[in-house]
Structures are given as C-alpha cells and as structure tokens.
Amino acid sequence: MDQITRRGFLGAAATLPLAAPALAAFPDQPIRVIVPWNAGGLADVVMRAIAAAMAGPLGQPVIIENRPGANGAVGTQVVARSAPDGHTLILANAETHAINPLIYPRLAYNPATDFTPVTLFARGPFVLLTRPSFGVDNLQGFLAKARAEPGRITFASWGIGSTSHLAMESLIKQAGLQMLHVPFTGAAPASTALVAGQVDVMFLNAGPAEAVARDGKVRILGVGAAQRIPLLPETPTMAELGMPVSAGNWFGLLGPARLPMPVAERIAAVVAEVLNQPAVQAIFRAQAALPVSTKPEEMRAFIAEDRMGWANVVRDLNIQLE
C-alpha cells in the first residue's frame with residue numbers, strides 16, 4: 001500500500017488537439033472541492049492550505065465544502081454526479097476510493113469508473129498512542145498488557161472500516177490480541193475520548209498526535225510509516241519495534257468521469273507548484289503530512305494498488321455496511 005507505481009502517460013499526443021480550447025475555458029468560475037470529512041481534521045487542514053495557494057495560479061478562488069458521512073461516501077457521491085468541467089473536485093483518500101468499495105455492497109458510486117484521477121498530493125502517517133494513565137511506556141509494554149487482559153482493552157477509531165480502524169485490526173491480528181473497538185464519527189471526537197480516558201489506545205494522524213503528546217495528554221508508542229518521520233525523528237517505527245504495521249492515509253484530488261485530460265493535468269501541475277510554497281510546506285510539517293506529486297495516470301495505478309492491499313484486511317474482518 002505504500003509504494004506508488006510510477007507510470008508515464010499513454011496517448012498524450014491524442015489529447016493535444018483538445019488542450020488549447022479546454023484550457024482556454026478553464027477555470028471560468030470558482031472551483032469547489034468537496035471534503036467528505038468534518039472540518040478541522042487532517043484532510044480538511046491540508047486541503048485548505050493547498051486551496052488557498054491554488055487560487056493565484058488558477059485565477060479563481062478554490063472553495064472548500066465539508067460533506068461528512070458514511071466513511072466519506074456522502075460527499076464523494078456528490079462529485080460523481082457533478083459536471084465534468086473541473087470546477088467540482090473531491091478530496092479523496094483511502095476510505096473513499098480504496099476501502100468503501102470493499103465494505104459497502106451498495107455504494108452509491110463506482111470509484112474506478114465514476115471519477116477521473118487528478119493528483120495524489122500527500123501522505124499522512126499514523127502513530128499508535130495511549131492515554132498516560134494506561135500505565136505503559138512503550139509498544140512492548142502495551143502488547144504485554146493487552147495480552148494479559150484479553151477483550152478488556154478498548155481502542156478508538158473514526159468509524160467502522162476507517163483507516164484508523166483497519167490499522168488497529170492489522171496490529172491486533174499480527175500481535176494476536178483481543179480488543180474492543182469503540183468507533184466515533186471523526187478523528188477529533190475519537191482523540192478527545194482518548195485524552196479523557198474513555199478509551200485506551202488508537203491510531204491517529206501523527207501531526208495532531210504530536211501536538212497532544214507535547215502537552216503530556218497522550219503517549220506515542222510508535223509510527224506506522226515505513227521510515228521515521230521529520231516531526232518525530234526520535235520515535236521509532238512499528239517495524240523497528242518488531243511489529244511492521246502499515247498505518248496511514250493518503251490524500252488526492254479527483255474529478256468526475258469524463259473530465260478532460262488537459263484540465264486534470266492543469267490542476268495537477270498547479271498542485272505540484274503550490275506544494276513548494278513555504279506557507280503550504282509549514283502547514284504540512286506541522287500536520288506531519290508528507291508531500292507527494294503525481295500525474296493523473298500515476299494516481300489511477302496507485303489507487304488500484306491500494307485497494308488490493310486493503311482487500312486482505314477487509315476480507316479477514318468480513319466487514320459489510322449498509
């Protein structure tokens with residue numbers, strides 16, 4: 001799930017006759033980005049940083065509209081039904097385009113055929129954290145406690161089938177644990193419950209986790225990324241600690257199906273450009289978001305690969321939601 005497949009564009013020459021008129025007309029009105037999650041979360045924060053920076057190069061404001069619900073499906077289906085002119089985009093992640101089709105038998109959109117990939121722009125690694133009163137200082141201590149108290153340790157997530165839920169289930173399977181899942185409606189209420197001592201442990205985006213850990217409200221046990229991250233250089237990865245769990249998410253933009261490729265390429269190029277702006281980079285660093293830049297077809301291949309990776313986890317859990 002962590003390896004981005006790099007592929008060149010095919011048929012680029014065929015798009016050239018359409019490029020001039022398509023780009024001449026785009027954008028001719030504000031661009032709306034649907035964020036299918038609550039305001040204030042990592043997806044919302046990084047998208048707002050990019051949106052503000054995109055307005056200059058595009059010559060139009062980029063407006064964020066939060067449409068949370070159903071693991072991101074509520075907002076995502078809005079974009080699937082929108083006009084394919086580049087003025088309505090979806091902020092996609094693993095939930096919306098890799099996991100939801102695996103857990104919702106009657107999903108209102110087809111992630112493979114109802115959208116045109118534009119660009120992947122960030123990764124968000126998770127960290128495993130506990131409340132200080134839980135009484136453990138490291139991963140091995142946590143595993144020992146969980147094994148000694150099967151079924152009594154609780155973990156929070158931002159929803160059944162979410163990346164936070166599936167990451168913990170991966171750890172549970174690897175370590176042979178029995179734990180109780182307590183799902184919430186978002187990362188903010190889940191982490192608030194952890195700080196309040198209502199649950200014992202969770203996987204959380206590294207940026208928000210580092211902020212509350214700095215205040216002594218939680219204790220970070222390990223990073224679910226392939227390598228240590230700049231925001232937490234002294235914190236070992238789960239793999240370094242002998243428990244190679246991949247825990248994190250990705251963020252990118254897609255438009256509706258039949259979005260002209262010159263328009264998708266234009267948006268992707270602008271996103272790649274603004275990722276270099278100091279103001280955007282500062283927000284990414286604070287949120288522990290790792291910038292990535294891909295072209296449309298590279299993003300398509302990445303999503304397909306990511307869906308295959310999550311399929312193994314979902315199959316083991318037999319998750320089916322209405």
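Report, by residue number, each residue of the range 71-92 that is under 19 Å from residue 47 (Cβ atoms) and touching a residue at least 60 places away in the same chain (Cβ under 8 Å).
Of everything in the range 71-92, those that are under 19 Å from residue 47 (Cβ atoms) and touching a residue at least 60 places away in the same chain (Cβ under 8 Å) turn out to be 71, 79, 80, 82, 86, 87, 88, 89, 90, 91, 92.
Among the residues making up the range 132-147, those that are within 22 Å of residue 248 (Cβ to Cβ) and touching a Leu at 6+ places or on another chain (Cβ under 7 Å) are 138, 139, 142, 146. Considering (1) under 26 Å from residue 143 (Cα atoms); (2) in contact (Cβ under 8 Å) with a residue 40 or more places away in the chain; (3) open to solvent by less than 60 Å² (accessible area, probe 1.4 Å), the lone condition that residue 237 does not fulfil carries the number (2). Once the range 302-322 is narrowed to residues that are open to solvent by 80 Å² or more (accessible area, probe 1.4 Å) and either among the polar types (S, T, N, Q) or modelled with pLDDT of 90 or more (or both), the residue that is nearest to the chain's Cα centre (by Cα) is 308.
Scanning the range 245-288 for residues that are free of Cβ contacts under 8 Å to residues at least 60 places away in the same chain and either in contact with a Ser or Thr (Cβ under 6 Å, 6 or more places away or on another chain) or closer than 30 Å to residue 129 by Cβ (or both) turns up 278, 281, 282, 285. Residue count for the range 78-104, restricted to those that are open to solvent by less than 50 Å² (accessible area, probe 1.4 Å) and farther than 22 Å from residue 317 by Cβ: 12. Looking across the range 135-146, the residues that are surrounded by fewer than 20 Cβ atoms within 10 Å (Cβ to Cβ) and of a type outside the set (A, V, I, L, M) come down to 135, 137, 138, 140, 141, 145.
Hey, does the range 147-156 have a residue that's touching a Gly at 6+ places or on another chain (Cβ under 7 Å) and either open to solvent by 10 Å² or more (accessible area, probe 1.4 Å) or farther than 25 Å from residue 50 by Cα (or both)?
No: zero hits.
Scanning the range 46-90 for residues that are in a loop (DSSP other than H, G, I, E, B) and over 20 Å from the mean Cα position of the chain (by Cα) yields 59, 60, 61, 81, 82, 83, 84, 85, 86, 87. Taken as a whole, the condition of being of a type in the set (Asp, Glu), in contact with a Pro (Cβ under 9 Å, 6 or more places away or on another chain) and surrounded by fewer than 24 Cβ atoms within 10 Å (Cβ to Cβ) applies to residue 265. Of the helices (runs of 4 or more DSSP H) that lie entirely inside the range 93-185, those containing 2 or more residues that are free of Cβ contacts under 8 Å to residues at least 12 places away in the same chain span 139-148. The residues in the range 280-296 that are open to solvent by less than 20 Å² (accessible area, probe 1.4 Å) and assigned to a helix (DSSP H, G or I) can be counted, and the count is 3. Applying the condition of being modelled with pLDDT under 95 and either in a strand (DSSP E or B) or polar (S, T, N, Q) (or both) to the range 186-198 and asking which residue is least open to solvent (accessible area, probe 1.4 Å) yields 191.
Step by step: first the residues of the range 31-40, then only those that are in a loop (DSSP other than H, G, I, E, B) and surrounded by fewer than 21 Cβ atoms within 10 Å (Cβ to Cβ), then the one that is modelled with the highest pLDDT. Which residue is that? That would be 39. Condition test on residue 273, is it surrounded by 19 or more Cβ atoms within 10 Å (Cβ to Cβ), among the charged types (D, E, K, R) and modelled with pLDDT of 95 or more? No, not satisfied.
The values are calculated or read from the model by the stated rules, or taken from the named source; none is laboratory data. Just so we're clear, the structure is a prediction, and the values are computed from it rather than from any experiment. Neighbour counts run over all protein chains shown; Cβ positions are idealised from the backbone, glycine included. Protein only, heavy atoms only, side chains kept; ligands, DNA and RNA dropped before computing areas. Shrake-Rupley method; radii C 1.70, N 1.55, O 1.52, S 1.80 Å.
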